[in-house]
């Protein structure tokens, strides 16, 4: 491998959910590493805004407005990327997250949640990962190399109150990551690797209201999170980027089917 085992410059990456905080941070990090990025998101204006930021880093970026649950739109996006760059080396499945309707309040139980809300969050996370993996992953199967990285969660490790649908969906993503890793290595190429990262607790738009009070102080839920995190702090979203670059590089050439926690020790600590 030599001294450049972490070098991923010149590769082509598709980042779904790139208009969001997590996907945007990863897309920017990949651009800074010399990767050509196709930034995908559901809302046109958000994609255009993200693309402007990415092209300030380097002009080799395109923005594609696409619903990750629309198989026909994903197929058209694949054709556009291949027409421009001829290959797809990396897929980062950042599309997903929780929804307000599927988040239980302190005074509600799971029996108060509408089943439509359950369906929405499960579909968004599971199929929002599976569909791009199969459509873009087929390109990797044809080229006999590539990297797919999915987004898991601490909710897949332990029972976390208030987020039942999200927890079930992220647990399914762990299993799908392992299954697809096996499938690609056994039936296509050992140069196609499928892994996942499992972020710990980061404050973003989706969870800010349940972690931070209006006056900026920590909520009771936040205090419980910090108490079970040995590093005694929330993560910064940029702290995911190093692990992503590592998994995309030849330095991780014998790693597949792994779910890597990036959580300040949350998943390893009993609290005692």
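The per residue volume of the convex hull around the alpha-carbon atoms of the chain is 142 Å³. On the basis of the beta-carbon distance and an R0 of 41 Å, residue 186 and residue 215 show a calculated FRET efficiency of 0.15. Per q in 0.17 1/Å, what log10 I(q)/I(0) does a Debye calculation on the alpha-carbon atoms of the stretch 151-272 return? With one equal scatterer per Cα and no solvent, log10 I(q)/I(0) is -0.91. Beta bridges from DSSP with both residues in the chain: antiparallel share about 5 percent, rounded to the nearest 5.
What Kirkwood hydrodynamic radius do you get for the stretch 41-139 when you take the inverse of the mean 1/r over all pairs of distinct Cα atoms, in Å? Could you put the intermediate results ahead of the total?
Working: mean 1/r = 0.0648 Å⁻¹.
Final number for the Kirkwood radius of the stretch 41-139 is 15.4 Å.
Just so you know, all these numbers are worked out from the coordinates, no wet-lab data involved. Note that this is a predicted model, so its numbers are computed, not measured. We place every Cβ from the backbone using ideal geometry, glycine too, and count neighbours over all the protein chains shown.
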